[in-house]
Amino acid sequence: MQIPGSVALVTGANRGLGRAFTRALVARGARTVYAGARDPSTVTDPGVVPIELDITDPEQVAAVARRLDDVTLLVNNAGVSGSASFLGAGTSDPARAEMETNYFGTLSMSRAFAPVLARNGGGALVNVLSVLSFMTLPQVGSYSASKAAAWSLTNALRLDLAAQGTLVVGVHAGFIDTDMAAAVPLPKIAPEDVAGQTLDAVEAGTYEVLVDHYSRDAKAALSADPEVLYPALRT
């Protein structure tokens, strides 16, 4: 599909990568850019339409899908990280919150908008994933699990929606220069770069975007022994 003339909805659009997506869509000539956020007053960029949207609220998701019946491109960007390990969190609450947003929220949005995309010619659905879909880090183990689940969901949606002509794109990145990765003392990719690579992929009909060397290296190592991805296992 082509970005000029498209009608896009971006979730988690009030800051970080979501905001970069809305700006890139406007700059590339999208006809309408809906910017979903729990608090729509935090969406302040010109050229976008703020939409109140909590992707963990199924009733609100369904209502938004009924209202925005012209969408041809859905960008599932909204996500949360509790920055917790499985055994160090104390409770399962961070893991549940991450799964509710990163997996179940993405599933809810995809289910609600799949018929909308079909009626509008197929279009495209983008899921923002992570290098942590491919591997895990102990300090963010539950976040990694939620992104791995979202990666599996993305693969299933790609097969489910192929018959209706919907392109499903999975986006994997290491560390993006946003608030979520602010404490990470490693090189980061600009959110504008991620958005640009993703929209290029949508227009090219590409299924997967590995935006940096972290994601490319991790994907390449999946067929190797676990010690390749996890050097700490070597004795």
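A compact table of results
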{"item": "Accessible area per residue, Å², the chain with all protein chains present, probe 1.4 Å", "result": "46 Å²"}
{"item": "Residue 34 long-range amide H proximity, modeled H, under 5 Å", "result": "8, 9, 10, 49"}
{"item": "Between helix 58-67 and the chain: long-axis angle, C-alpha atoms, 0 to 90°, nearest 10", "result": "30 degrees"}
{"item": "Accessible area of residue 53 in the full protein assembly, 1.4 Å probe (Å², nearest 10)", "result": "10 Å²"}
{"item": "Accessible-area value, residue 200, 1.4 Å probe, nucleic acids and ligands omitted, Å²", "result": "80 Å²"}
{"item": "Tilt relative to the chain, helix 141-161 - C-alpha long axis, 0 to 90 degrees, to 10", "result": "40 degrees"}
{"item": "Helix 16-27 axis, angle to the chain major axis (alpha carbon atoms, nearest 10°)", "result": "40 degrees"}
{"item": "Whole-number D in µm² s⁻¹ for the stretch 59-179, Kirkwood Cα-pair radius fed into Stokes-Einstein, 25 °C, 0.890 mPa s", "result": "164 µm²/s"}
{"item": "The chain - mean residue ellipticity at 222 nm from DSSP helices (-39,500 (n - 2.57) per run, n ≥ 4, rounded to 500)", "result": "-11500 deg cm²/dmol"}
{"item": "Within the accessible area of the chain (1.4 Å probe), percent carbon and sulfur", "result": "54 percent"}
{"item": "Phi to ³J(HN,Hα) by Karplus 6.51 cos²θ - 1.76 cosθ + 1.60 over the stretch 121-129, Hz, x for Gly, Pro", "result": "x, x, x, 8, 10, 10, 10, 7, 10"}
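The values are calculated or read from the model by the stated rules, or taken from the named source; none is laboratory data. Bear in mind that the values here come from a model prediction, so they are computed numbers and not experimental data. We work out accessible area using only protein heavy atoms, side chains counted, and drop any ligands, DNA or RNA first. Shrake-Rupley method; radii C 1.70, N 1.55, O 1.52, S 1.80 Å.
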